[in-house]
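The values are calculated or read from the model by the stated rules, or taken from the named source; none is laboratory data. What you are looking at is a predicted structure, and each value in this text was computed from that prediction instead of being measured. Virtual Cβ from ideal backbone geometry, glycine too; neighbours counted across all protein chains shown. Ligands, DNA and RNA are stripped out before the accessible areas are found, and what is left, the full protein with its side chains, is counted by its heavy atoms. Shrake-Rupley method; radii C 1.70, N 1.55, O 1.52, S 1.80 Å.
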Amino acid sequence: MTSNRDEKITRPVALPPEIYVADQKKIVFPEDPLSGGSWFTTDEKGNTAVLLNGAKQKHISRGSYRKSRGLILLELIKAASPITHWTTINLENIEPFTVMLFQASELYLLRWNGHHRETTSLEADRNHILSSSTLYTKALQKQREQWFFDFMARNRPVSPETLLSFHLYTEKEDKKNGLVIDRGNLLKTLSITQCIIKKDSVTMHYRQLFPNEKLSTVQL
């Protein structure tokens, strides 16, 4: 599982991933120091959750909410069963979001639109790509899907390294809507996080791109 973090450059620089112990389980995540939350987290069993801002449709932000979406993500991964906890977690006054959750060899798409939660089972042995509805129109999301599936068709079998190259270099001249964006002084791709899940290990690679490039790896 690999994710590009597109965010405002005014946010504080994220802390690289570390191992934390929460509710008697080990979890790993890079931390957003503004809220203490995260957008990508995994536990020692390989349960992995990736957060995107927005649900299916772009929404108008109210600006102030009860809790950061990044803290909701950590609350899910800390649970004994994240997918079970999803059905009861309090989402009142939480800004809309999407989570891709991998748990016990199953893959789920979780969405909260500000009023209702939605749970969709996905085929874990197939390829999937998501783009945030707050940053990319439906047409651009479709375009990015086409780039992804074309890439996957040309690169078989796909290794973690080749998948990372997709996230780093696809449409690199398109700074507005390529995989690594640079929308002037507003939004940039700040980092790329990748989690490699095997039977006996979980490894998180974190590549900070802005304000300078740094690499770090954590293994559970």
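For the stretch 166-177, what are the residues that are in contact with a Phe, Trp or Tyr (Cβ under 9 Å, 6 or more places away or on another chain) and at pLDDT 95 or above? The answer is F166, T170, E171.
Comparison of K142, K214, K199, K176 shows that the only residue that is open to solvent by 80 Å² or more (accessible area, probe 1.4 Å) and in contact with an Asp or Glu (Cβ under 9 Å, 6 or more places away or on another chain) is K176. Residue pairs whose Cβ atoms lie under 6 Å apart, separated by 6 or more positions or on different chains, with the first residue in the stretch 18-34 and part of a loop (DSSP other than H, G, I, E, B) and open to solvent by 100 Å² or more (accessible area, probe 1.4 Å) and the second at pLDDT 95 or above and not polar (S, T, N, Q), are D23/K78. For the stretch 182-213, a residue qualifies if it is more than 17 Å from E161 (Cα to Cα) and part of a strand (DSSP E or B), and the qualifying residues are D182, R183, L187, K188, T189, L190. Scanning the stretch 115-136 for residues that are out of contact with any strand residue (DSSP E or B) (no Cβ under 7 Å at 6 or more places or on another chain) and either in contact (Cβ under 8 Å) with a residue 60 or more places away in the chain or on the phi > 0 side of the Ramachandran plot (or both) yields S131, S133. When the stretch 35-80 is filtered for residues that are β-branched (V, I, T) and not in a loop (DSSP other than H, G, I, E, B), the ones remaining, listed by number, are T41, T42, T48, V50, I72, I77.
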